[in-house]
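One structure below.
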Amino acid sequence: MAQTESSGRQERRAAGREIRKSVPRETLARWQPPADRRDPVQILIDQGESRIAELVPVRYARMLSSEFAFFRGAAAIMASDLSYSQHTHLTVQLAGDAHLANFGGYASPDRSFVFDLNDFDETLPGPFEWDLKRLVASFAVAGRSRGFDEQTRARILAKVVQTYRESVHDFSNMSRLDVWYTRLTDEDIENATPGKAYKSYRKSFAKTVAKAQSKTSDRALRKLTTTAEDGAITFDSNPPFLVPFDELVSQEETAAYRRAAQAAMVGYRRSLLSDRRVLFSGYRPVDLARKVVGVGSVGTRCWVILLMADQDESDVLMLQVKQAEASVLEAHLGRSRTAHHGQRVVEGQRVMQAATDILLGWTQIELGGQHADFYVRQMWDWKESADIDTMDDVAMEIYAQMCGWTLARAHCRSGDRVALAGYLGSSDTLDTLLTDYAEQYADQSLKDFAALQEAASAGRITVAPQGW
């Protein structure tokens, strides 16, 4: 016997439907560059002002390597564009940069392989559609890069939105606690892709999981460090991508930097839960290096720290300490409620992810009166991303479902999932509307990519040599 929905849920669902009157779903499909649209190249140049100057050309080189790479690095541009649209004000914790490459697998604390969002540098509360639009537009750009025709892309894009919409409805009928317990594991993914059509995908996915499970601190140690004859372990030197601490700091500055690093580790330890402080206290730092990561993040300060367990050199831990600046959303949605951007990233991640790195924390580094916020996480803990460049249309459609479900679950953990379900509706109206939007915005992204190419040719920006 079906259970009757409570009056409270009925009212919330009706409230979601009521929002359609002030913000019709059709408005979500519109993209027309406004007359006062900000210069996309200037947005990127402005971002570079607070970054390490010598690494900004590397960022441009990576963004210019492909249309999809450009889209990945253009979160600030799209945030600016989204600000011109009417908002639903159905507020959730946004990832802020929810493109398809910012989803992936990693190890949960119970050592299961889980699939989830994995990048929260731009996280901030805001209207749900900002994340959904960025996700579906990323599939449009990626689908074009794979050479899929318009009909194939339309099927994949609609699947993203359909899965998101139907999953929100499923979550709207669940208890709040059950939503928080729900997660997507490797077993769930394999069981959800039965039949001959998905045989090759399951085989490929199994290889991805196996590869991910080999990505540990031990492997990072072998890949990034060198052991001297006396047994001392130090990071390799591969400027500008990996630069040991001693090569970045003069002898005169070494003492001040080491004090700042020690203070930062004390601050990080305080940000951990009490049991994780006990865990972390059993390690000692061995070496430190600056490392270039990602596409859009290039130029921000990112460090890797090698630690070893006390009196056991075979027990290693590799941490990544990554700078957190203001979210690209803050200029349009208001400042973060947390003044510390590392804390903003960590708290947003804990809200959105079903299972979070047990050593996730934040800290601040102070040098010469200047403060920089950072968040800290394990560098490699089974972390693996999908290989977008080799996906066929079947694999991308499956991946579209995984991402759509995951984003819905992340949003339903913080937002009013019942009102959101009411707004989305049960028909495929929104699926079609956002498919149209995604193709329109992919056209815009292509024009912006061309503008960056032109800026490079004109000498407006400096680009690192090809391959950087």
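Every number in this text was worked out from the coordinates using simple rules, so none of it is lab data. Since the model is a prediction, treat every value here as computed from it, not as a measurement. Cβ placement follows ideal geometry from the backbone for every residue including glycine, while neighbour counts extend to all protein chains displayed.
Quick check: pseudo-label points 7 Å beyond the Cα along Cα→Cβ at S457 and D188, how many nm apart are they?
Taking the simple label geometry, S457 and D188 are separated by 4.7 nm.
Quick one: if the Förster radius is 25 Å, what FRET efficiency do V266 and H371 give, using the C-beta to C-beta distance and rounding to 0.05? Each step should come with its number before you reach the end.
Details: r = 15 Å, r/R0 = 0.61.
Efficiency, from the Cβ-Cβ distance: 0.95.
Over 24 Å, how big is the tail of the calculated P(r) for the stretch 217-313, in percent of all Cα pairs? Please list the in-between numbers first.
Details: 1325 of 4656 pairs.
Tail of P(r) above 24 Å: 28 percent of Cα pairs.
Taking loop as defined by DSSP and a crowding limit of 13 other beta carbons within 10 Å, which trypsin sites (Lys or Arg not before Pro) in the stretch 290-330 fit? Write out the running numbers ahead of the final one.
On the way: sites: R290, K291, R301, K322; in loops: R301.
Loop-located and lightly packed - none at all.
In nm, to one decimal, how far is the Y84 label point from the K447 one, both placed 7 Å along Cα→Cβ?
Label at Y84, label at K447, 0.8 nm between them.
Using DSSP loop states and a limit of at most 11 other Cβ atoms within 10 Å to flag GluC sites (Glu not before Pro), what is the longest stretch of the chain containing no flagged site?
Numbers: sites that count: E49, E229.
Segment 230-468 is the longest.
Would you please calculate the Kirkwood hydrodynamic radius of the chain over all C-alpha pairs and express it in Å, rounded to one decimal? Walk me through the intermediate numbers first.
Details: mean 1/r = 0.0427 Å⁻¹.
About 23.4 Å for the chain.
For the chain, with only Lys/Arg (+1) and Asp/Glu (-1) charged at the beta-carbon, what is the dipole magnitude about the Cα centre, in debye rounded to 20?
Values: 57 positive and 63 negative charges, 172 e Å.
Magnitude of the dipole: close to 820 debye.
How many nm is it between the label spots at T254 and D178, if each spot is 7 Å from the Cα in line with the beta carbon?
Each label point is offset 7 Å from its Cα along the Cβ direction, giving 6.1 nm.
Could you give the length gained on full extension between A14 and R155, defined as 0.36 nm per residue of separation minus the Cα-Cα distance, in nm? Numbers along the way, then the final one.
Details: separation 141, 0.36 × 141 = 50.76 nm, distance 2.99 nm.
Extra length available between A14 and R155 comes to 47.8 nm.
Putting +1 on Lys and Arg Cβ atoms and -1 on Asp and Glu Cβ atoms, find which of V328, L306, G267 reaches farthest to the positive end of the dipole of the stretch 217-378.
It is V328.
For T225, enumerate residues with amide H under 5 Å from its amide H, sequence gap 5+ or separate chain, H modeled in the peptide plane.
The answer is D236.
Give the residue from V56, F374, S80 lying farthest towards the positive end of the charge dipole for the chain; charges sit on Cβ (+1 for Lys and Arg, -1 for Asp and Glu) and the dipole is referred to the Cα centre.
Positive-most Cα among the choices belongs to S80.
For the stretch 217-378, what proportion of DSSP beta bridges, expressed in % and rounded to the nearest 5, is antiparallel?
Details: 34 of 35 bridges.
Roughly 95 percent of the beta bridges in the stretch 217-378 run antiparallel, per DSSP.
Mind running the shape call on the stretch 358-435? Use the C-alpha gyration tensor, a ≥ b ≥ c as the square roots of the eigenvalues: rounded below 1.5 for a/c, prolate if a/b tops b/c, oblate otherwise.
Because a/c hits 1.5 or more and a/b fails to exceed b/c, the stretch 358-435 counts as oblate.
How tilted is helix 128-145 with respect to the longest principal axis of the chain? Cα atoms for both, answer in degrees (0 to 90, nearest 10).
Between helix and principal axis, roughly 80 degrees.
Just the number: Rg to Rh for the stretch 217-378, Cα atoms, Kirkwood Rh, two decimals.
On the way: Rg = 16.2 Å, Rh = 16.8 Å.
For the stretch 217-378, the value is 0.96.
From the Cα gyration tensor of the stretch 368-407, with a ≥ b ≥ c the square roots of its eigenvalues, which class applies: rounded if a/c is under 1.5, or else prolate if a/b is larger than b/c, or else oblate? Intermediate values should be presented prior to the final figure.
Details: a/c = 3.17, a/b = 2.76, b/c = 1.15.
Judged from the Cα gyration tensor, the stretch 368-407 comes out prolate (a/c at least 1.5, a/b above b/c).
Give me the dipole magnitude in Debye, nearest 20, for the stretch 416-468 about the Cα centre, with unit charges on the beta carbon: positive for Lys and Arg, negative for Asp and Glu. Show your work: numbers first, answer last.
Values: 3 positive and 8 negative charges, 64 e Å.
The calculation lands at about 300 debye.
Using a Förster distance of 30 Å, how high is the FRET efficiency between T390 and A53, based on the Cβ-Cβ distance and rounded to 0.05? Provide the component values of the computation, followed by the final result.
On the way: r = 35 Å, r/R0 = 1.17.
My answer for the efficiency is 0.30.
In debye to the nearest 20, how big a dipole does the stretch 360-443 give about its Cα centre with +1 on each Lys and Arg Cβ and -1 on each Asp and Glu Cβ? Kindly include the intermediate steps, with their values, before the conclusion.
Details: 5 positive and 15 negative charges, 137 e Å.
Approximately 660 debye in magnitude.
Find the relative contact order for the stretch 256-352 and round it to a whole percent, using C-alpha pairs within less than 8 Å whose residues are 6+ positions apart.
On the way: 88 pairs, mean separation 16.1, N = 97.
Taking the mean separation of contacting Cα pairs over the length of the stretch 256-352, I get 17 percent.
Let me check against my output: what whole-number percent is the relative contact order of the stretch 217-378, with C-alpha pairs under 8 Å and at least 6 apart? Show your work: numbers first, answer last.
On the way: 249 pairs, mean separation 35.0, N = 162.
Rounded, it is 22 percent for the stretch 217-378.
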